[in-house]
Ligand code: NI
């Protein structure tokens, strides 16, 4: 947080299926797994591209999280469905050590492409909807604190959730 790249709109991916792209995605998964995260956007590792990865089987950082399929999503668009809003705690590898309670549309449709250029089109809710919206925000220069409305629900992870391992 504070790096100007994280406040900028990322550029669309124009070439699919390249070795360079595959290498970048591999680096992103390595970074995400080392940090114990459930998602990562290319701008978080200094690359201004519309590319996010996410997915969770079981997370130490989010022990209550529902499973989300491992996804590599390029040039995404998100459309909220309905007016229902969900409120839940989020953290971010670019905002280490903190958590905040963030309101977001409960149900969304997202569209984009996989690394080979094949279309992805899903309608999701729950933790899946939250993760994709959080990662998408990185591509438009937003970090989750800027989505918060109640800053009494913002603080250090180890104070708010002492039972979680002190990672980030
Ligand atoms: Ni994040």
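Coordinate-derived values only; no laboratory data. None of the values given here were measured: they were computed from a predicted structure. Neighbour counts run over all protein chains shown; Cβ positions are idealised from the backbone, glycine included.
Extending 7 Å from Cα along the Cβ direction at residue 121 and again at residue 31 yields two label points whose distance is 3.1 nm. With helices as the sole contributors, the chain gives -6500 deg cm²/dmol at 222 nm; each DSSP H run of n ≥ 4 counts as -39500 (n - 2.57), and the sum is divided by every residue.
Computed on the chain, with alpha-carbon pairs under 8 angstrom and 6+ residues apart, the relative contact order is 25 percent.
Distance from the alpha carbon centroid of segment 92-137 to that of segment 1-70 works out to 11 angstrom. Once the Cα atoms are used to define both axes, helix 126-139 deviates from the longest principal axis of the chain by about 60 degrees. The residue 77 and residue 23 beta-carbon pair, evaluated with R₀ = 30 Å, returns a calculated FRET efficiency of approximately 0.70. Measuring r between the beta carbons of residue 70 and residue 161 and using R0 = 30 Å, the FRET efficiency lands at 0.75. Annotation: the antiparallel percentage among DSSP beta bridges lying fully within segment 38-168 is about 100. Extension gain, residue 16 to residue 148: 0.36 nm times the residue separation minus the Cα-Cα distance gives 44.0 nm. The angle between the Cα long axis of helix 19-35 and the main principal axis of the chain comes to about 10°, on a 0 to 90 degree scale. Let a ≥ b ≥ c be the square roots of the eigenvalues of the Cα gyration tensor of the chain; is it rounded (a/c under 1.5), or, if not, prolate (a/b larger than b/c) or oblate? Judged from the Cα gyration tensor, the chain comes out prolate (a/c at least 1.5, a/b above b/c).
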